[in-house]
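What follows is one structure encoded as structure tokens, with my remarks underneath.
The values are calculated or read from the model by the stated rules, or taken from the named source; none is laboratory data. Source: prediction; values computed, not measured. Reconstructed Cβ throughout: ideal geometry from the backbone, glycine too, with neighbour counts over all protein chains shown.
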Amino acid sequence: MDMISGVGSSNPSPIGPAKDGVKVDAAGAAPAVTMTKTDKEMPMTLVAAIAELGPPVDTDKIQAIRQAIAQGRYPIDAQAIADKMIALDLPKVGR
């Protein structure tokens, strides 16, 4: 078949049953998966361990900044904030 006429045959065949050996009941549901003892005891991967820890957050630093803001001791440099916002938004052309 050429690209002008389209892709594939003009009479598509119906999709047949899955051939992976999984038996389904009359409602079309596959049996529930059960975990074995070895599945449950597998050691945690590094990625899973890092994900379980959550994002790296310095709660002490956050608390100190919150207190400084509440007490009016946290310096706010509007020019520095504006410069950073512009730097993040502008494309890096010729740099």
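Worth a mention:
- Which listed residue is among the charged types (D, E, K, R) and modelled with pLDDT under 90, from Lys40, Lys61: Lys40
- Residues located in the range 71-81, provided they are part of a helix (DSSP H, G or I) and loosely packed, with under 10 Cβ neighbours inside 10 Å: Ala78, Gln79
- Failed condition for Lys84, given (1) at pLDDT 90 or above; (2) loosely packed, with under 10 Cβ neighbours inside 10 Å: (2)
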